[in-house]
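Got a structure for you, written out below as structure tokens; questions coming shortly.
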Amino acid sequence: MRMHKKSRLEERIEACGNLVTVADLSDKNMKRAALTPEYLDINGIFGNDNPLHIEVGCGKGKFVCEMAKANPDINFVAVEKISNVLIEALERAKDENIKNVYFLNCAAEVLQKYFKPGSAKLIYLNFSNPLPKEGYKKQRLTHPRFLGIYKGLLSADGKIIQKTDDYDFYLFSLESYKEAGFKILETNKNYLCGEGDVETEHEKKFKQAGKRIYRIIAEV
């Protein structure tokens, strides 16, 4: 079902302009577009050199906003390609005056255009679309082509923390991490959100429906 465009979307995004960079992808060839750096000035955005954590696919922003409030000494950049969804995260961060979260409106294919190599300590992948049809597997956010992008963004000891409710996607991701040269530090087939973590909107809904949550921690 197609999502209706939210009213005054462009105007509302502009009103949050100090919290977001909107990708200018006039070049529709994403592989080529990604080769032209437009690095975010992370230290300038946050006014410090605190560690950087990135969430890829932040949705409505509950996770990143709550993580940012709980961890004021960490800088968070949340990536979301769908503007219609991102606006809710933007307005939440603005309304709650969260100083250590920033947003990037772009697709994961061009992340290396905006982040310097080795700049992130941690990447979160929370309930990415599993895209179960075989023909879509290259678009899954844990396909080796994406893991290669993340690997370039992460520091030497950087990590990815992934959560999903889809067991097949969990298994696919495990194999992808290995293929991409990541070390699997932790797997959990019945993850319960604990201290230091935040339950996402999807996570709460899936748990209420009696579904298991699967988590993977992988290191460069």
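The values are calculated or read from the model by the stated rules, or taken from the named source; none is laboratory data. Everything numeric in this text was worked out from a predicted model, so none of it was measured. Positions of Cβ are backbone-derived with ideal geometry, glycine not excepted, and every protein chain shown enters the neighbour counts. Side chains included, ligands, DNA and RNA excluded: accessible areas come from the protein's heavy atoms. Shrake-Rupley method; radii C 1.70, N 1.55, O 1.52, S 1.80 Å.
With all protein chains present, how much of the accessible area of the chain (probe radius 1.4 Å) comes from carbon and sulfur, to the nearest whole percent?
Summing carbon and sulfur atoms, their accessible area is 49 percent of the total for the chain.
Now a separate question. Give the cross-link partners of Lys28 among the aspartates and glutamates, using a straight C-alpha distance below 17 Å as the criterion and excluding same-chain residues fewer than 8 apart.
Glu38, Glu109
Roughly what would the spin-label model give for Lys5 and Leu171, points 7 Å off Cα along C-beta, in nm?
4.2
Related question: Residues with amide H under 5 Å of Glu55's amide H, sequence separation 5 or more or different chain, H placed in the peptide plane at 1.01 Å from N; which?
Val77, Ala78, Val79, Tyr124
Taking the solvent-accessible surface of protein heavy atoms with a 1.4 Å probe, what is the per residue accessible area of the chain in Å²?
Value for the chain: 52 Å² per residue.
Beta carbons within 10 angstrom, averaged per residue: use that to sort the peptides 88-95, 30-37, highest first.
88-95, 30-37
Given a 1.4 Å probe and heavy atoms of the protein chains only, how would you sort Leu192, Leu141, Leu86, largest accessible area at the top?
Of Leu192, Leu141, Leu86, the descending order of accessible area is Leu192, Leu141, Leu86.
Quick check for me: using +1 on Lys/Arg Cβ and -1 on Asp/Glu Cβ, what's the dipole size of the chain about its Cα centre, in debye to the nearest 20?
The dipole of the chain has a size of about 720 debye.
List the chymotrypsin sites (Phe, Trp or Tyr not before Pro) within segment 1-109 that DSSP assigns to loop and that have no more than 12 neighbouring Cβ atoms inside 10 Å.
In loop regions of segment 1-109 (DSSP not H, G, I, E or B), the sparsely surrounded chymotrypsin sites (Phe, Trp or Tyr not before Pro) are Tyr39.
On a straight-distance basis, which lysines could pair with Lys121 in a cross-link, Cα separation under 16 angstrom, same-chain partners fewer than 8 positions away excluded?
Lys151, Lys159, Lys183
How would segment 136-220 be classified by its alpha-carbon gyration tensor: rounded, prolate or oblate, with rounded meaning a/c under 1.5 and the a/b versus b/c comparison settling the rest?
In terms of gyration-tensor shape, prolate.
Follow-up question, since we're still on this one. If you rank Ile42, Ile213 by how much accessible surface each has, with a 1.4 Å probe, what is the order from largest down?
My answer, sorted largest first, is Ile42, Ile213.
How charged is the neighbourhood of Ser83? Take every other residue with its Cβ under 10 Å from the Cβ of Ser83, and add Lys/Arg as +1 and Asp/Glu as -1.
Residues close to Ser83 contribute a combined charge of +2.
Quickly work out the Lys205-to-Lys116 label distance, labels modelled 7 Å from Cα along the C-beta direction, and quote it in nm with one decimal.
For the pair Lys116/Lys205, the computed spacing is 3.8 nm.
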